[in-house]
Each structure stands twice: as structure tokens, then as C-alpha cells.
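For reference, the structure is listed below as C-alpha cells.
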Amino acid sequence: MQTTPSSTHPKRARFALLAVLFFLSGFAALVYQVLWVRELGLLFGSTAQAAAMAIGVFFAGIALGSWFWGKRARRVGSALAAFGWLEVGVAATALGHFLLLDAYHIVYPALYPLLGDLAGADTALKCLIAVIVLGPPAFLMGGTLPMMGQYLIRSPERMGRLGSLLYAINTGGAALGALAAGFFLPLWLGFSGAYLMAIGLDVLIGVTALGLARRWQEQTPQPVEPDTTVEILADTWPGRRLAWMIALMSGICALGVEVIWTRLFSQVLQNSVYTYSLVLVVFLLSLSLGALLANRLSRLTRPGAGWIMAGLLIAAGLLVAISPQVFHGTTGGLGYVGAGLDWSDYLRSVVLVAVLVMLVPGVVLGTVLPYLLRLLENARLPVGELIGRLVAVNTVGGIVGAVGAGFVLLPLLGASRTLLLLGGLYVATAGLLMLARTRPVVRLAAVAVLAMAVVLPL
């Protein structure tokens, strides 16, 4: 039986404490990811390959975990306690990093003579190590948002507002974690010290959540009927299915855009490790701000949520499409950023360029996924399961987008045309959403939008 806090709405002090825990959870998760990229870079001998492998395995684990734990969120005795156990599990599985990599360095010299003549065997072994090291903690991390959402969101009409706020809090912590792990923690603590700090932080989060779950009196919530007076996409086609399609497309395009932006910045920055960290920090910060914007938009009753989503998709597409020109102009025609400056001035100049290029489009991109919670408030699914499905679908799209953009579209089209294509996909999705409306004038407008989306990338 699912249990929740005894009060009708979370008390502010309790919510603030849980928000801190969830912020720190996102912080620890990205410390792991950035450190994994660095360590895998040594293993693969290539930062680009390491980043691709880390992102692929990490996102696959998140997707599987979101789906798996989301379906079980309503069945647990206490979703907050389940969140605590997941955090403890992340810490425990993350410790396997040291054992597995040490074993690899011991066994690999003996295996290399046997694997050297087998095409791809060496890479396959390294990929297997990456899956074993990254997969289990990522799988457990995938359950944290569905469990926290199940615990805090107890009425459907609050899912858009509270769900987007939770997403913003967790992603904000992730942005700070990426910044700390990319620029500060390894210098201050070394790799092992920074990694153990993240493990200790997860243990602290988990134990605190378990203690709070025991301390706070809980009871089963009364079911609340969804508000049907607000025009949203709900159970019927094309509503709910279209929302899942938007989630998938958003993941494809957002991660595709991040990969291309990373490639663009690698041409004008002088260190690939810091390039990856910098793009990731600004991108995550943008997503967090976008979730806060989604939180504000979720409070609106007019215009309809479908219209707001269509506007967000069109704005995202246009901003992505013009980002190559903004990048070219900001960098003075692909000149090195901060050339001849000392380290602190170099970082300031890099951050300025990254913010000018990525912040505004990133905010709009980051509004799409959390605002989908507003569209799905009448979906009549348990909150944890719905959030888990949404994150899983979006994350699968992210994997497809990262791989497709990096290994297919970029070699075929180049960076600028790939961004044009991804921008066109956003606009085309807005057209499909507008076609869901019944008025002929709207359908005509949707046809025009779709035509523009086809022409835009050419």
C-alpha cells in the first residue's frame, strides 16, 4: 500500500528538506558521470569515445531504472523509504568501480595476447567493463525521480507544477555536480577522493531519507479526481500517445543538439575534457531553468496546454536552427576562445561564449519534457509510474539522438546542417500537435508549419 505524508500538502519545511536531498542526489549522480568519462578516457584512449560510452551506458541504465522502478512506485510501503534504499544502493554499486577496474588492469595484460588478433575483441572487453561499472548504479538512479514524485505528488492536477519543480531541483544539482567534478573536485581531492565523496554523499542521502520515512507519520491518500475543465491532452488519441511521441522526440533532439554543440566547442577550446564538462554544465543549467519555466507555465489555464507546448516546440526549433550562426558570430568565425589569456580569464571567456550560445535555446529545450507532465495530468496513471515512463521514453530518445547525431548525422551533414535538421524536427512535431486540433484553420496552419519544417534543414 502506497503511503504519503499525513498532511494534505507537504509542509514547507519537509518539502525543503526533501528538496535538499534531491538536489544532492543530482549532484552526486553527475560527479559519478563526469569522473566515469575521465576514467574511461584513460581506458579507451579517447575522450570522445569515453564520453559516448559513458553517456550510452548511463542513459540506458537510467531508462531501464525509470521504467522498472516507476511501475513499482505505488506498490512499495513508503516511496520515501524506497528512495532512500535506492540511494544506498547507488553508493554500494558505485564501489564496484574500484574492484572491477583493478581486476581489469591485472587481467588485461594476460588477455591481450589472446585478444590482439580478434577484431573488436579489445573494444568489446572495454565496453563490457563500462557496462558492469556504470550500469547498476545508473539503473538505481533511474528510480529516484519516480519514487520522490510518487511520495510528494498526491493529486493529478499538481503533477505539472510539482513534477517540473522536482525535475528542476534535481537537474540543478546535476549542473553543480558536473561543474564540481569537471573543474574542482579532482584537483582538490584526486579522482579516488572525489569518487568516494560522491559515494559518501549518496549514503548520507539514503540514510537521511530512511530516517525521515520512519519519523514522519504517514497515511494512504484519498484519490483526487482530475480537473477536466482545463483543455489538455489526456487519454484519447492523439493526446496521450502524442505526448509519448513528444517525449521521445525531445530526447532525440535535445541530446543530439548537446552532442553537436560539444563538437562545435571542441573546435574553439583547447582541452577536450574541459570542453565536455563545460558544455554539460551549461546544458544542465539550461535544463534546470527550463524546468522552472515549465513550472510557471503549468500554472496557466489559458491558453490551453496544447497550444503552449506547440509554441515551445516551435521556439526550440527556431533557436536550435540559428545556433550555428550565433556560435560563429560569438567566436569570431571559429577562432580560439581565450587565446593568450591566463587560466581564470580563459575560463571566464569560455563561460561567456557558452552562455551566449547555449543558455536561451537550452532553456526552451529544457521546458519541453517537464511541461509534458502538465499535458498528462489526466492520463489516469499512478504518478510514479507515469514519471518513470516519461523519463524512460525521453532517455531512450536521448540515446538514439546522441548516437545518431554523433556517428551518423554529423559525418553526413556536418554540424550546422545537423542542427538545422534537429530544429526542423522540433517544428515538425509542433505541426503534428497542432494537427490534433479539430478546426480546419488550425489544420491549415499545421500544414504550413510542417512544410516549413521540411524546407528548413535544406
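Before moving on, here are some points about what is shown:
- Area of Arg158 that stays accessible when all protein chains are in place (1.4 Å probe, Å², to 10): 60 Å²
- If R0 is taken as 30 Å, the Cβ-Cβ distance between Ala16 and Arg348 corresponds to a FRET efficiency of 0.35.
- Trp67 - accessible surface, heavy atoms, 1.4 Å probe, Å² rounded to 10: 110 Å²
- Using the Karplus relation 6.51 cos²θ - 1.76 cosθ + 1.60 with θ = phi - 60°, the per-residue 3J(HN,Hα) values for region 137-153 come to x, 5, 4, 6, 4, x, x, 5, 5, x, 5, 5, x, 4, 6, 8, 9 Hz, with x marking Gly and Pro.
- Across region 169-175, rounded Karplus estimates of 3J(HN,Hα) from the backbone phi angles (6.51 cos²θ - 1.76 cosθ + 1.60, θ = phi - 60°) give 5, 5, 6, x, x, 4, 4 Hz, Gly and Pro being marked x.
- Note on surface exposure: Thr301, Thr418 rank Thr301, Thr418 by accessible area, highest first, 1.4 Å probe.
- Ranking Lys71, Lys11, Lys126 by solvent-accessible area of protein heavy atoms (1.4 Å probe, all protein chains present), from largest to smallest, gives Lys11, Lys71, Lys126.
- Most to least accessible of Leu187, Leu125 (protein chains only, probe 1.4 Å): Leu187, Leu125
- In terms of packing, defined here as the mean over residues of other Cβ atoms within 10 angstrom, the peptides 356-362, 31-37, 339-345 line up highest first as 31-37, 356-362, 339-345.
The values are calculated or read from the model by the stated rules, or taken from the named source; none is laboratory data. This structure is a prediction, so every number in the text was calculated from the model and none was measured. Every residue, glycine as well, gets a Cβ built from its backbone with ideal geometry; the counts of neighbours run over all protein chains shown. Quick note on the areas: whole protein, heavy atoms, side chains included, nothing else; ligands and nucleic acids left out. Shrake-Rupley method; radii C 1.70, N 1.55, O 1.52, S 1.80 Å.
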